[in-house]
Amino acid sequence: MRLLAPAKINLHLRVGPPRADGFHPLLSWMCTIGLFDTLVLDPSDVAQVSLTCDRPWVPCDQTNLVHRAAALLREHAAAQGRNVGLRVGLEKRIPVGAGLGGGSSDAARMLLGLNQFWGLGLSGDQLAPMAAALGSDVPFFLNGQSALCSGRGEVVQPVAAPKPHWAVLLLPPFGVSTPQAYQRFDQLCPSGCALDRPDIEQWVHLSADSLLDVLVNDLEAAAFSLVPELARLRDSAQGALSRIVRMSGSGSSLFTLFDSDIAAHEAAHIVMSELKIRAVAVRLAPTFEDDLTQRPAPAPVLL
Ligand code: C5P
């Protein structure tokens with residue numbers, strides 16, 4: 001079974017003061033983008049899960065969310081009296097530590113894919129708490145392309161995709177640690193920011209320029225204070241492109257929006273040639289096909 005796992009950007013991200021459990025209440029408009037990891041699932045006659053990745057710096061042990069998602073579903077298979085094995089190959093294309101949710105998307109796609117691959121028959125309501133246990137962004141990826149997320153991220157309300165179809169991603173050669181960004185946010189803004197629900201029903205109809213005018217990311221000041229180079233890059237990008245550039249999640253990726261693919265590809269070219277930073281034009285809320293939607297599950301391996 002071949003699975004595609006899309007990245008996301010946080011179009012809008014408001015952050016409140018930390019809760020008793022240390023997590024921060026959020027209000028975020030998240031949207032998938034056309035940048036994908038690939039997961040290839042093969043049955044194994046050894047009753048365990050083994051993970052390999054084409055990027056040597058990606059850990060393939062139990063700390064990888066793909067492993068942890070598979071472990072949760074193996075427990076369900078075991079409860080049904082089945083001792084299943086699996087080989088997973090991960091082709092990593094979504095940068096790590098970039099605020100693009102790659103690991104979370106891989107984990108969500110594993111939950112959905114393995115549920116079918118092993119014929120477990122778990123409902124969306126049964127998968128949702130597993131996704132939330134794996135990470136704050138994982139539930140979003142169970143639920144489609146564009147959503148307003150609240151709670152610590154796990155309360156997902158699907159909304160229409162934004163009117164602009166294109167984003168340009170700027171991918172600096174360094175990451176930002178998410179826990180450190182939240183810690184710095186607490187220092188800079190101890191009482192948090194307002195979590196007013198945006199007028200999303202109106203926002204989904206705005207063109208790229210008008211939408212960029214209203215979007216906010218409350219973690220930008222914290223990430224820029226941790227990594228001043230990122231603040232300089234954002235300023236240079238806004239100058240070179242003459243448009244607003246925002247950060248996704250806790251960084252380090254930056255993005256801006258376009259109504260047309262030609263304008264997006266031109267902007268990506270300008271960033272790469274003038275700023276010498278990797279940039280890519282990607283579709284917002286892309287439709288895609290993989291084996292989860294394409295064909296029935298193979299028969300589960302019973303050991
Ligand atoms: O849930 P996840 O593992 O993705 O969170 C990573 C870290 O980001 C948490 O350990 C926490 O420091 C921070 N975080 C937070 N509030 C959120 C989401 C994440 O403080 N709503």
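The values are calculated or read from the model by the stated rules, or taken from the named source; none is laboratory data. Since the model is a prediction, treat every value here as computed from it, not as a measurement. Methodologically, a virtual Cβ is constructed for each residue, glycine included, from the backbone with ideal geometry; neighbour enumeration extends over all protein chains shown.
Quick rundown of the values:
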quantity: Enumerated helices (runs of 4 or more DSSP H) restricted to region 178-259, each holding at least 2 residues that are in contact with a Pro (Cβ under 9 Å, 6 or more places away or on another chain) and surrounded by 14 or more Cβ atoms within 10 Å (Cβ to Cβ); calculated: 178-188, 208-214, 228-241
quantity: Qualifying positions in region 95-116 - assigned to a loop (DSSP other than H, G, I, E, B) and closer than 13 Å to Ala131 by Cβ; calculated: Gly101
quantity: Subset of region 27-52 (residues that are touching an Asp or Glu at 6+ places or on another chain (Cβ under 8 Å) and surrounded by fewer than 19 Cβ atoms within 10 Å (Cβ to Cβ)); calculated: Thr38, Val40
quantity: Leading residue by the ranking (surrounded by the most Cβ atoms within 10 Å (Cβ to Cβ)) among those in region 92-102 that are within 15 Å of the ligand (Cβ to nearest atom) and under 19 Å from Pro173 (Cβ atoms); calculated: Gly99
quantity: Total residues in region 1-40, condition of a type in the set (A, V, I, L, M, F, W, C), under 25 Å from Phe117 (Cα atoms) and either within 16 Å of the ligand (Cβ to nearest atom) or under 21 Å from the mean Cα position of the chain (by Cα) (or both); calculated: 8
quantity: Residue match in region 27-50 (condition: of a type in the set (Phe, Trp, Tyr), within 23 Å of Pro179 (Cα to Cα) and part of a strand (DSSP E or B)); calculated: yes
quantity: Cβ pairs under 9 Å, 6+ apart, first in region 170-182 and at negative phi and within 8 Å of the ligand (Cβ to nearest atom), second at pLDDT 95 or above and β-branched (Val, Ile, Thr); calculated: Tyr182/Val15
quantity: Val40 vs. criteria under 26 Å from Ala78 (Cβ atoms) and of a type outside the set (Lys, Arg); calculated: yes
quantity: Condition met for Glu266 (charged (D, E, K, R) and under 20 Å from Pro179 (Cα atoms)); calculated: no
quantity: Residue match in region 79-90 (condition: of a type in the set (S, T, N, Q) and part of a loop (DSSP other than H, G, I, E, B)); calculated: yes
